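Heads up, the thing below is written out as structure tokens.
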Amino acid sequence: MLSTQFPVIELCLTFGVGRSSYYQQRSRQARRNPRRDRLRARLVVLHERSRGSAGARTLAAALRSEGHAVGRYKAARLMREAGVVSTQQRRHRYRLAVEASFAV
């Protein structure tokens, strides 16, 4: 963290940020929202249960069915915060055998 090496005033001037904005952001990071943390944990469980294929819309619907007030954009933000990415499994492609590969 740069604030341990340099004065906060100098850092704020260098980055063009107001000192009050710096302290406000720092206090915002300090307080955690336990309800949001539980919601994020539940989202991760639902995503794992879908074997990584559920996206924001699917997860939002699942959370809504459990009684949480979550839209798809909030679900997408929670996914981003949790580092969860939806991936769809590719279809298996069958390939035709070539006679050259059957050389005896």
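The values are calculated or read from the model by the stated rules, or taken from the named source; none is laboratory data. Remember, predicted model here, so these are calculated numbers, not experimental data. With ideal geometry, Cβ positions are generated from the backbone for all residues, glycine too; neighbour counts draw on all protein chains shown.
Details
- Scanning region 18-49 for residues that are charged (D, E, K, R) and either at pLDDT 90 or above or surrounded by 10 or more Cβ atoms within 10 Å (Cβ to Cβ) (or both) yields Arg19, Arg26, Arg36, Asp37, Arg38, Arg40, Arg42, Glu48, Arg49.
- The listed residues are Glu81, Glu66, Glu48, and the only one of them that is free of Cβ contacts under 8 Å to residues at least 24 places away in the same chain and charged (D, E, K, R) turns out to be Glu48.
- Residue tally, condition out of contact with any Lys or Arg (no Cβ under 8 Å at 6 or more places or on another chain), of a type outside the set (A, V, I, L, M) and more than 16 Å from Ser86 (Cβ to Cβ), over region 51-72: 4
- Scanning region 1-41 for residues that are under 27 Å from Gly83 (Cβ atoms) and touching a helix residue (DSSP H, G or I) at 6+ places or on another chain (Cβ under 7 Å) gives Leu2, Ser3, Tyr22, Leu39, Arg40.
- Applying the condition of being surrounded by 10 or more Cβ atoms within 10 Å (Cβ to Cβ) and within 30 Å of Leu78 (Cα to Cα) to region 1-17 and asking which residue is modelled with the lowest pLDDT yields Ser3.
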